[in-house]
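The values are calculated or read from the model by the stated rules, or taken from the named source; none is laboratory data. Nothing here was measured: the structure is a model prediction, and the numbers come from that model. Ideal geometry is used to build each Cβ from the backbone, glycine not excepted, and the neighbour counts take in all protein chains shown. The protein model used for the area step is the full one, side chains on, heavy atoms only, and it has no ligands, DNA or RNA in it. Shrake-Rupley method; radii C 1.70, N 1.55, O 1.52, S 1.80 Å.
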Amino acid sequence: MNSTFIRKFGAGGFFVGVLLTAVSLPLWNLGMSLGQFIMAGGWLIAGNLPERLRNATRQPVFFFLIGLYLLHLAGLWNTEDMVYATKDLRVKLPLLLMPLLLIAGPPLTARQYRITLAAVLTGVLISSGVGYATYMGWTGKLVNNYRDISLFISHIRLSLLIDFCLVICCLAFLREESKLLRVVCIVTMIWLGGFLILLQSVTGLAILLILIWLGLLLLVTKAKQIIVKITAAIAAIAIVVVLWQTYHFLFIQSIEPVNISLQELPPTTRLGNKYTHNTFRQDIEQGRLVWIQFHEAEMDSAWRQRGGTSLWETDQRGQMQLVTIMRFLTYRNYSKDYDGVMRLSNDDLQLIRNGYPTPEHYTEQNSLLFRFKELASEYRTYHFTGWATGQTLAQRFEYWKTARWIIAHHPLTGVGTGDVPNAYKDAYNATNSTLSDEWRLRAHNQYLSFGVAFGWSGMIYFIFVLAYALVTGIRKNDIVYLSFLLIAIASFFTEDTLETQAGVTFFAFLNALLLIRSTEEKS
């Protein structure tokens, strides 16, 4: 068979693998694996392998990137749990394969690069389309919360891909001269932006705001028209104000104590039973303290008469009914006793049985503003009680605290590649964490995760690799690559992005792909 044909076949197969990996990022874990397998086959038979490897080794970033995987191999020396270590090495394999396959692979043309980005966008559009359909009830899947509309990968991973695709669409809109294509870009951005809001990923939305803010700063410095500079500056200031107000609402305003004098409260119920008042618990609904002026036995008696079960049993969301009823009665400003429960309407009773502690949890559960109210409530509870189980924001503080504890006890070399789960288990027990066993998870911070596994040296190396890549993007004035890096770097603060197949492939594939973009496309 003609060697030229074999090389072209290999290069073509390599590109097919690239496309399959790209479109599968938001859709299909198996597709990602198959794509990498096809890429590897094409890479081997595409010809000029020694020359391609030599070209790759001339780039320091190539060694730095594969060094992230070699670090995991080095972490085997102090590992006892080789079963988990083997699993982790398999999941992290894209950290080795993607730089090797793409940086030392058959060169992609500018057209192939654009098609690859279009494949990523196509996958995201399909995933969001299915999400919209699920939200509307067209797929038959029950939607309990925002996470349920991301059917294929984590809603946070999907939000990161949406952010990246929004950058692509924005740059395409600025570059394209065709009015039709510009309209398509606008419609696509509205579609993806709307889905990102529906997804309620605080990480994705925060990163998008940061990207917009940086884009506005770029306009302030680069734009020639003074009106554009002024408008961009005002918008950038507005974003800073929004971010500060959000921070103030979540972490400052949310923990303002509610002081109340017990002398102002009635001592007994209408039936003559003594109320319980717990002013140390600062849970609030509508600005009113939840754990004051209540009598559990009376509420339990009334609840059973209304057709309910014991207050100490769980509702349909797995929450103790006592807590749900207490919050609901406080929201309604009813007394938390026999009379208060008897005042509840039949609709109220059904909401409580379904696990909704307030009517807002049912009517506004898909509202972004309500999502932030819930986060503020979570942080308030954590601040005053230390309780974090089942709380998205509060749990992260527990995860970070536990990770720091592990690093403090293993500062030089970490616990090793395979002993991370056992280290967390021991740390949660040692620190007497309030988290229940099912919620005792890993750091949800990629920097801390490297520190836990490999100590300070591993964490510093990881940060160095990211910083070197960032400097490379700045030096090349590559907005697409810089945007991707900022998305990844920001996500690493709140997520273990590299601990799942979807996350590690997202980072390793797009990072290597954008590094080898053709000069023609960059210009």
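Points to keep in mind about this one:
- Contact map, the range 193-218: first residue on the phi < 0 side of the Ramachandran plot and open to solvent by less than 50 Å² (accessible area, probe 1.4 Å), second residue of a type in the set (D, E, K, R) and at pLDDT below 95, Cβ cut-off under 8 Å, separation 6 or more or different chains; pairs are Val202/Arg371; Thr203/Glu495.
- Residue that is most open to solvent (accessible area, probe 1.4 Å), among those in the range 365-384 that are farther than 19 Å from Asp315 by Cβ and among the charged types (D, E, K, R): Lys373
- Selection within the range 486-501: residues that are in a helix (DSSP H, G or I) and open to solvent by less than 10 Å² (accessible area, probe 1.4 Å). The member of this set that is nearest to His444 (Cα to Cα) is Thr497.
- Pairs are defined by a Cβ separation below 6 Å, a sequence spacing of at least 6 or placement on different chains, a first member in the range 235-262 that is assigned to a helix (DSSP H, G or I), and a second member that is basic (Lys, Arg); the pairs so defined are Ser254/Arg380; Ile255/Arg380.
- Qualifying positions in the range 163-185 - assigned to a helix (DSSP H, G or I) and open to solvent by less than 70 Å² (accessible area, probe 1.4 Å): Asp163, Phe164, Cys165, Leu166, Val167, Ile168, Cys169, Cys170, Leu171, Ala172, Phe173, Cys185
- Among the residues listed as Ala40, Ala56, the single one being aliphatic (A, V, I, L, M), assigned to a helix (DSSP H, G or I) and open to solvent by 10 Å² or more (accessible area, probe 1.4 Å): Ala40
- Scan of the range 14-33 for residues that are open to solvent by 40 Å² or more (accessible area, probe 1.4 Å) and under 16 Å from Ala508 (Cβ atoms), ordered by number: Leu20, Asn29, Ser33
- Note on the range 458-467: residues that are in contact (Cβ under 8 Å) with a residue 12 or more places away in the chain and open to solvent by less than 70 Å² (accessible area, probe 1.4 Å) amount to 6.
- Residue count for the range 346-358 satisfying the condition of being open to solvent by 20 Å² or more (accessible area, probe 1.4 Å) and not hydrophobic (A, V, I, L, M, F, W, C): 6.
- Residues within the range 345-379 that are touching a Lys or Arg at 6+ places or on another chain (Cβ under 7 Å) and outside any helix (DSSP H, G or I), tallied: 3
- Taking residues in the range 1-23 that are among the polar types (S, T, N, Q), and partners anywhere that are part of a helix (DSSP H, G or I) and surrounded by 15 or more Cβ atoms within 10 Å (Cβ to Cβ), the pairs with Cβ atoms closer than 8 Å and at least 6 places apart or on different chains are Thr21/Gly31; Thr21/Met32; Thr21/Gly35; Thr21/Gln36; Thr21/Met39; Thr21/Thr505; Thr21/Phe509.
- Check on Val23, within 29 Å of Phe462 (Cα to Cα), at pLDDT below 90 and among the β-branched types (Val, Ile, Thr): no
- Lone unmet requirement of (1) of a type outside the set (Lys, Arg); (2) surrounded by fewer than 16 Cβ atoms within 10 Å (Cβ to Cβ); (3) on the phi < 0 side of the Ramachandran plot; (4) without any contact (Cβ under 8 Å) to a residue 60 or more places away in the chain for Asn477: (3)
- Selection of the range 147-162 for residues being part of a helix (DSSP H, G or I), open to solvent by 10 Å² or more (accessible area, probe 1.4 Å) and of a type in the set (A, V, I, L, M) yields only Ile156.
- Residue in the range 302-310 that is at positive phi and in contact (Cβ under 8 Å) with a residue 24 or more places away in the chain present: yes
- Test: residue in the range 335-342 that is basic (Lys, Arg) and under 27 Å from Tyr135 (Cβ atoms): no
- Of the helices (runs of 4 or more DSSP H) that lie entirely inside the range 66-136, those containing 2 or more residues that are at negative phi and surrounded by fewer than 19 Cβ atoms within 10 Å (Cβ to Cβ) span 82-91, 110-135.
- In the range 269-319, residue surrounded by the fewest Cβ atoms within 10 Å (Cβ to Cβ) [restricted to those that are within 23 Å of Lys373 (Cβ to Cβ) and of a type in the set (Val, Ile, Thr)]: Thr279
- One residue from Asn432, Asn422 being farther than 24 Å from Leu89 by Cα and open to solvent by 40 Å² or more (accessible area, probe 1.4 Å): Asn432
- Some residue of the range 48-62 being at pLDDT below 95 and within 24 Å of Ser449 (Cα to Cα): yes
- Test: residue in the range 230-244 that is under 30 Å from Phe280 (Cβ atoms) and of a type in the set (Phe, Trp, Tyr): no
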